Amino acid sequence: MTNANKDVIDRIIIEIVNADASNTFYIDNLFAPTIPPNAPTPNRAFSPSPASIEWWWQDNSSGASQEDEFRVYSSTGGLLSTRTADTTFWIETGLKRNKEYARYIQAYNTAGSSNSATIIWRTKPGAFQAKSAQSEPTRTGANAFGFVGDAVWDWNVPVKSGSALTITAYIRYNSEYGGSATKPKLTLSGGGISPTSASATSSAENAWELLTINPGTPSQNAILTLKAEGFSTNPGAKFYIDDISISQ
């Protein structure tokens, strides 16, 4: 037998016939892998919603080490999903908002298995556009950027070196956030500056408060990160950011 296609042949049947008897022999797994698959390489994670994460990986096996399937595990070793050979992603659903999850991918065949490095990603915090038509607080426009009470959210801020940088934004939180909870804040960090934060005060409860961040003059061209953080886990807690202004 030549030029056999291992993808379409599952069993070879050999029948030997002589004058006295007929005997049939079956040969299975003729093309079973002889080498464990290579470990897949995690290459992307993405949270399309507060309840889901897409886990992506690179398939590094073929030929004698071809995987039979991929298995997605939690960081504690619990099997979460089994994916067919050559699949390179899985969408996990039913997750909690604003929570960090860790997963690793296993390539498996009958000769063995190999595990990827662990991937860590956080689900979206449940940010929303708060519309005045829904009786949510607004400032100058139709929308304020709103968050659940313990959210973490980032914006990219491109800056240039040699010019003083100032960022202002308005912040407020609702009564459900709770006066005893750590107040929401904005933090600017990245290359060429020292991390600088500004926190809301009690004046921001149900009223807009202006925050100002003065990190000085960046020492290099960079894309900085402006992070909004809330710290209340009270039911119904929300805070809002609006009118972010970047001056340089």
Read phi for every residue in the stretch 174-182 and hand back ³J(HN,Hα) as whole Hz from Karplus 6.51 cos²θ - 1.76 cosθ + 1.60, θ = phi - 60°, with x for Gly and Pro. 8, 5, 5, 4, x, x, 8, 6, 4
Which pairs in the list 96/160; 99/185; 99/238; 96/238; 96/183 are over 27 Å apart, alpha-carbon to alpha-carbon? 96/160
J(HN,Hα) series, the stretch 39-53, from Karplus relation 6.51 cos²θ - 1.76 cosθ + 1.60, nearest Hz, glycine and proline x: 5, x, 10, x, 10, 5, 9, 8, 10, x, 7, x, 10, 8, 9
Which order do 96, 183, 238 fall in if you start with the one that has the fewest other Cβ atoms within 10 Å? 96, 183, 238
Order by neighbour count: 173, 73, fewest other Cβ atoms within 10 Å first, most last. 73, 173
Listed by chain and number, the residues whose amide H is under 5 Å from that of residue 47, excluding neighbours fewer than 5 places away on the same chain and using placed H, are 54
Most exposed to least, judged by fewest other Cβ atoms within 10 Å, 160, 124 sort to 160, 124
Calculated from backbone phi, Karplus (6.51, -1.76, 1.60) coupling profile of the stretch 101-115 in Hz, x at Gly/Pro: 10, 10, 9, 9, 10, 10, 8, 10, 9, 5, 8, x, 8, 9, 9
Using alpha-carbon positions, what is the distance between the centroids of the stretch 210-240 and the stretch 182-205, in Å? 5 Å
What is the stretch 128-247 by shape, rounded, prolate or oblate, if you read a ≥ b ≥ c off the alpha carbon gyration tensor as root eigenvalues and call it rounded for a/c under 1.5, prolate for a/b larger than b/c, and oblate otherwise? prolate
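Taken together, the values in this text are just the output of simple stated rules run on the coordinates, not laboratory data. This one's a predicted model, so the numbers in the text were calculated from it and none came from an experiment. Glycine gets a Cβ as well: all are built from the backbone with ideal geometry, and neighbour counts include every protein chain shown.
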